[in-house]
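K.L.:
Structure in structure tokens, see below.
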Amino acid sequence: MKTTDKILVAGAAGMVGSALVRALLARGFENIVGTIHRKAPDFGPEAAGRVRLEPLDLMDQGAVRSFFERRRPDHVFLAAAKVGGIHANNTYPADFIHANLAIQTNVIHSAYESGVQRLLFLGSSCIYPRECPQPIRESYLLTGPLEATNRPYALAKIAGIEMCWAYNRQYGTRYLAVMPTNLYGPGDNYDLQTSHVLPALIRKAHEAKVRGDRSFTVWGTGTPRREFLYSDDLAGACAFLMIAAGKTEALFNDHEPPLVNIGCGEDVTIAELAGMVAEVVGFEGEIVFDAGKPDGTPQKLLDVSRMSGMDWRPNVALPVGIGLAYGWYFQNEQRKI
């Protein structure tokens, strides 16, 4: 990518999309277009004249096609998705599969129709089998049953990977799929009904501290292991993959999907994570685990050898990242609640 190329970030208002915009700005890109479906974050004075945001319903096929015909981006980051934790996926499975299939189908096909040669599709580590060997290699895709609590979402993301691969084989495009581990950072979702585990823990610990509670409750047994990556680290990895095109060329072949894991290569138990959050927030009471609630997949640790083989490493350690995320939450979200 050249800094003067027109770069589309689909889903620029979300946690990942906004991190991508920040990463592109930091690397000198001058012509960034972002689609949004809600109030956009403030990217600061450096975004003036370099970032244009446009409301767009990515589930509307006609609107997406018209947008691509009008904007004609050179490269696309597809960060838009309907996401949520165990509760949200269990409660709204039809919404998750419908929305994600519609968004990715519309964007990927319209990108092809408008001549976009390079696209990066963001998936999720939940695409891998529930009982996967650890750490999880990209080659483990479709080798076993999925976790039931997020199967509809995972199947939608698997379809997106397959779509990228199919367009590459049939049309000669260079559409890449990246599978990040569990993400957190500025702009995360702190709604306890729909959030992922880390923001939920931050909110629970903060509210328990403010109320003076002696404890707060965490879903499940606390034994599952999870890997976490700060959103700006993911964005840096995505920008790296699109800029360093030569390093990714081996991923485009007829034998395997163009798939890359992105993570830190280390995991913690949910109990350990809750303890870290409590320490950062300053909550000194007890953490109670509700074993009657689902644990989800026992472990999800990604094999990140493909990224490390390209000389990429994350920069933000988990305790530091939790502190940054809590600072953002305290300044932005908790005032609304």
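K.L.:
From the alpha carbon gyration tensor of the range 89-200, can you work out the equivalent ellipsoid semi-axes (sqrt of 5 times each eigenvalue) and give them in Å, largest to smallest?
P.N.:
25, 18, 14
K.L.:
What ranking of THR221, THR4 emerges when the number of other C-beta atoms within 10 Å of each C-beta is taken as an exposure proxy, fewest first?
P.N.:
Exposure proxy ranking, most exposed first: THR4, THR221.
K.L.:
Could you tell me how far the Cα centroid of the range 13-48 sits from the Cα centroid of the range 261-337, in Å?
P.N.:
24 Å
K.L.:
Debye sum, Cα scatterers, the range 1-50, no solvent: what log₁₀ I/I(0) at q = 0.17, 0.31 1/Å?
P.N.:
Scattering profile of the range 1-50, log10 relative to I(0): -0.43, -1.35.
K.L.:
Can I ask one more? In nm, give the distance between the simple-model label positions of LEU192 and ARG50, each being 7 Å from the Cα along the Cα-to-Cβ direction.
P.N.:
With each label placed 7 Å out from Cα toward Cβ, I get 4.0 nm.
K.L.:
If you scale each eigenvalue of the Cα gyration tensor by 5 and take the root, what three semi-axes come out for the range 1-150, rounded to whole angstrom and sorted largest first?
P.N.:
Equivalent-ellipsoid dimensions as semi-axes: 29, 17, 16 Å.
K.L.:
Using Cα centres only, tell me the gap between the range 204-256 and the range 118-167 in whole Å.
P.N.:
Their Cα centres are 15 Å away from one another.
K.L.:
A further question follows. Would you please state the base-10 log of I(q)/I(0) at q = 0.14, 0.27, 0.30 1/Å for the range 221-261, with intensities from the Debye formula using one equal scatterer on every alpha carbon?
P.N.:
Cα-only, vacuum Debye calculation for the range 221-261: -0.49, -0.96, -1.04.
K.L.:
Mind checking Rg over Rh on the range 208-337, alpha carbons, Kirkwood formula for Rh?
P.N.:
For the range 208-337, the value is 1.07.
K.L.:
Still on this structure: With only alpha-carbon atoms counted, please give the Rg and Dmax of the range 287-337, in Å.
P.N.:
Cα-based Rg and Dmax for the range 287-337 come out at 16.8, 44 Å.
K.L.:
Full extension from TYR171 to LEU142: what is 0.36 nm times the residue separation minus their Cα-Cα distance, to one decimal in nm?
P.N.:
Full-extension gain reported as 8.0 nm.
K.L.:
For the chain, what Kirkwood radius comes out of the mean inverse Cα-Cα distance, in Å?
P.N.:
20.3 Å
K.L.:
What percent of all Cα-Cα pairs in the range 137-214 falls into each 10 Å bin, going from 0 up to the bin containing the maximum distance?
P.N.:
With 10 Å bins starting at 0, P(r) equals 14, 31, 27, 17, 8, 2, 0.
K.L.:
Same structure, new question: What aspartates and glutamates sit close enough to LYS39 to cross-link, taking a C-alpha to C-alpha distance under 18 Å and skipping anything fewer than 8 places away on the same chain?
P.N.:
Those aspartates and glutamates meeting the cut-off are GLU54, ASP57, ASP188, ASP191, GLU333.
No value in this document is a laboratory result; all are computed from the given coordinates. Keep in mind that what you see is a predicted model, and the values were worked out from it rather than measured. Backbone-built Cβ (ideal geometry, glycine too); neighbour counts: all protein chains shown.
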